[in-house]
1. Restricting attention to segment A:260-282, which residues are surrounded by fewer than 24 Cβ atoms within 10 Å (Cβ to Cβ) and farther than 16 Å from residue A:320 by Cα?
2. Got a number for residues in segment B:21-43 being over 14 Å from residue B:88 (Cβ atoms), within 14 Å of another protein chain (Cβ to nearest Cβ) and touching a helix residue (DSSP H, G or I) at 6+ places or on another chain (Cβ under 9 Å)?
3. Just checking, does segment B:26-45 include any residue being more than 14 Å from the chain's Cα centre (by Cα), buried (at least 20 other Cβ atoms within 10 Å of the Cβ) and within 21 Å of residue A:400 (Cβ to Cβ)?
4. Spot the failing condition for residue A:20; the list is (1) closer than 27 Å to residue A:419 by Cβ; (2) in contact (Cβ under 8 Å) with a residue 60 or more places away in the chain, and only one is missed.
5. Check whether at least one residue in segment A:308-325 is out of contact with any strand residue (DSSP E or B) (no Cβ under 9 Å at 6 or more places or on another chain), surrounded by 20 or more Cβ atoms within 10 Å (Cβ to Cβ) and either within 11 Å of another protein chain (Cβ to nearest Cβ) or modelled with pLDDT of 95 or more (or both), and report yes or no.
6. Here is a list: A:122, A:98, A:51, A:108. Which entry is in contact with a strand residue (DSSP E or B) (Cβ under 6 Å, 6 or more places away or on another chain) and not assigned by TED's automatic domain parsing to the domain that holds residue A:418?
7. Check segment B:70-78 and report whether any residue there is within 14 Å of another protein chain (Cβ to nearest Cβ), under 23 Å from residue B:37 (Cβ atoms), in a helix (DSSP H, G or I) and touching a helix residue (DSSP H, G or I) at 6+ places or on another chain (Cβ under 6 Å).
């Protein structure tokens with residue numbers, strides 16, 4: 001029996017100060033030329049929290065609008081606002097930066113996050129009103145730091161400052177005097193990733209009818225690494241996030257695969273559940289500070305707002321077949337192998353047509369493809385084109401080559417089987433998974449019966465191989481056999497008795 | 001590119017590009033002919049003037065085994081705006097290529 005998807009959650013933290021101070025495009029620019037015109041211009045291009053919430057693609061990300069609705073709006077989306085935009089959505093929320101800094105403090109178990117007194121008091125009050133934060137977690141705000149202490153840590157002990165609205169409100173201490181893997185910079189990145197992962201898990205558990213103590217395993221699949229100098233990527237974000245999220249009965253581990261990480265993780269979760277090891281597995285990932293403002297130079301040059309101001313996260317609950325929820329069909333697996341080759345044709349064939357063909361399906365049999373759902377409002381002005389559309393054109397061209405559609409039907413194929421992109425450009429975040437919430441809903445409502453999730457990863461960025469990677473799977477309507485196919489002990493006994501009887505009968509005949 | 005040109009001679013080198021659209025192909029072509037237009041990297045201000053083609057241009061396509069081309073390139077040929085790429089590449093070659 002296939003395992004099923006029980007729910008999906010999506011989280012965004014608006015983080016403009018982290019764009020300026022922690023995004024690598026900005027930190028490298030500051031190293032090269034601290035007086036660069038770009039850095040001055042960038043600060044003028046930052047969006048307010050309200051604009052970030054009202055941004056159409058963000059409302060889609062948290063489930064308040066559908067991808068189909070977004071398609072009705074012409075680019076550029078940053079010049080328009082979602083009517084009735086809300087902080088909370090069906091699948092999650094968009095959190096303001098100050099509250100998110102507070103969550104970083106809540107997620108810090110080594111007293112590395114230090115916050116100023118007035119700011120701490122504000123946060124205690126604000127997060128005290130958050131439905132998913134427990135009152136006991138607010139005690140961390142009762143021991144704030146004096147400004148002089150923060151200054152000393154920043155100036156003399158290599159702590160990384162934390163800013164809010166351009167003002168220093170705290171810092172993150174280095175966790176070791178010499179170990180670069182525990183430097184304040186790395187700890188900052190990792191705590192941001194952990195905090196956004198925790199919030200994603202909290203939203204997931206809030207949406208589903210599964211109790212926290214039923215979660216047996218968590219797989220974290222971001223692109224960060226935690227560890228010390230002797231085990232730089234030792235892990236384990238999964239268990240660290242599970243601890244804060246209150247998943248007391250869970251263990252887990254981290255899975256990495258660049259942007260393909262989430263798809264690999266989902267396959268592993270589906271397998272663990274299908275094999276009967278665990279009843280419920282959560283796949284989750286937090287976001288990345290490094291990628292904030294990655295294309296900022298192009299956006300600023302074009303007079304646009306700095307749109308890459310969102311730290312994003314997601315969480316997906318994979319569970320045993322309930323006879324209702326959409327199934328992860330682990331028999332339709334696309335794999336880009338070592339021998340596949342790197343031409344776009346080889347890559348896309350291995351991830352789509354080759355996998356479907358084995359199951360006797362055509363490319364046109366998949367209702368929706370979820371590819372790299374990068375937001376074109378962000379990527380097009382940066383010269384990276386419309387990423388999802390390019391993927392859909394390739395799948396369509398493949399269908400035309402295989403005679404499944406006419407070449408003239410290519411544009412129709414893209415429209416029918418594709419979607420516009422809406423996810424923040426945070427690497428693993430847009431990769432296949434943003435559609436999981438909608439896909440589950442669309443399948444449950446009978447709008448579609450089959451969706452394919454494709455994750456691709458640029459492994460060459462790590463300099464250990466020149467290879468590219470990718471995996472894919474199909475999410476399908478539940479066959480409804482989930483419950484009835486479960487074999488009772490009595491049935492097993494009857495089956496054994498019948499075979500013994502048959503066997504004895506054969507012996508007598510001989 | 002610069003090292004190869006020094007080792008084998010600019011007249012013996014043909015650059016084949018695989019960029020996904022005209023503008024990107026044009027930028028790459030300009031880099032190996034007139035010099036890096038962004039003035040970054042080793043080819044800034046270096047005018048190699050090399051022969052440069054996109055893999056979907058007929059000059060290259062005609063040199064390739066049709067079966068290999070079908071397996072490796074034909075899908076992208078259907079997706080890309082080939083006319084735009086050819087226009088861009090021809091313009092760069094006419095302006096800066098030293099070996100045609």
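1. Answer for segment A:260-282, where residues must be surrounded by fewer than 24 Cβ atoms within 10 Å (Cβ to Cβ) and farther than 16 Å from residue A:320 by Cα: just A:264.
2. Count: 1.
3. Taking every residue of segment B:26-45 in turn, none turns out to be more than 14 Å from the chain's Cα centre (by Cα), buried (at least 20 other Cβ atoms within 10 Å of the Cβ) and within 21 Å of residue A:400 (Cβ to Cβ).
4. All conditions pass for residue A:20, except number (1).
5. Checked segment A:308-325: at least one residue is out of contact with any strand residue (DSSP E or B) (no Cβ under 9 Å at 6 or more places or on another chain), surrounded by 20 or more Cβ atoms within 10 Å (Cβ to Cβ) and either within 11 Å of another protein chain (Cβ to nearest Cβ) or modelled with pLDDT of 95 or more (or both).
6. A:98
7. No, segment B:70-78 has no match at all.
Per-residue answers, yes or no, for (1) within 12 Å of chain B (Cβ to nearest Cβ); (2) touching a strand residue (DSSP E or B) at 6+ places or on another chain (Cβ under 7 Å); (3) more than 20 Å from residue A:263 (Cβ to Cβ):
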site: A:330; (1), (2), (3): no, yes, no
site: A:358; (1), (2), (3): no, no, no
site: A:385; (1), (2), (3): yes, no, yes
site: A:401; (1), (2), (3): yes, no, yes
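The values are calculated or read from the model by the stated rules, or taken from the named source; none is laboratory data. Because the structure is a prediction, the values reported are computed rather than measured. Cβ sites come from the backbone with ideal geometry, for glycine too, and all protein chains shown count toward neighbours.
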